[in-house]
Each structure stands twice: as C-alpha cells, then as structure tokens.
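Step one of this worksheet: look at the structure below.
No lab work stands behind these numbers, since they all come straight from the coordinates. A quick note: this is a predicted structure, and the numbers were derived from the prediction, not measured. Cβ placement follows ideal geometry from the backbone for every residue including glycine, while neighbour counts extend to all protein chains displayed.
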Amino acid sequence: MVKTERVEAVYEGGILRPLKKIHLKEGEKVEIIIKRSLYDIISELEKELREVDEDLTAQLVRDRK
C-alpha cells in the first residue's frame, strides 16, 4: 500500500524545507516529485528573454558601427 501526502516546501540553502509538519519515521525513505510554480517558471523565462533582447540590441549597435 502506498500513502500519498501533498506537502509544499521551500528550497533554501541546499535544503528542501516542508511548510507543514510531516509524519515520518527517522530514516524513512520517500519519493519526491518536484512541481515548480508557474509564476517562477514565467519569471525565469522573462529574465532569459530580457537577456536575449539586451544581447541582440548590443549586437545591432555593434553592427551599425
């Protein structure tokens, strides 16, 4: 039998910290499935797009010189 419990957690300083008390025995192994929030994914993509846009702008300026 498999018991499933959904727990939100925060990753800080290399440690995944649950946001609520979890009931596990010391040394018990669990399976973790990581789902990132859509907001975090979109924020990362926006940052990457800004960097690409800045790179393209810099390239255009260099090409015009």
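General remarks:
- Test: residue in the range 55-64 that is surrounded by fewer than 10 Cβ atoms within 10 Å (Cβ to Cβ) and among the acidic types (Asp, Glu): yes
- Residue within the range 18-38 that is surrounded by fewer than 10 Cβ atoms within 10 Å (Cβ to Cβ), not in a loop (DSSP other than H, G, I, E, B) and not hydrophobic (A, V, I, L, M, F, W, C) present: no
- Restricting the first member to the range 1-17 and to residues that are touching a residue at least 12 places away in the same chain (Cβ under 8 Å), and the second to residues that are of a type in the set (Gly, Ala, Ser), the beta-carbon pairs closer than 7 Å and six or more apart or on different chains are Leu16/Ala9.
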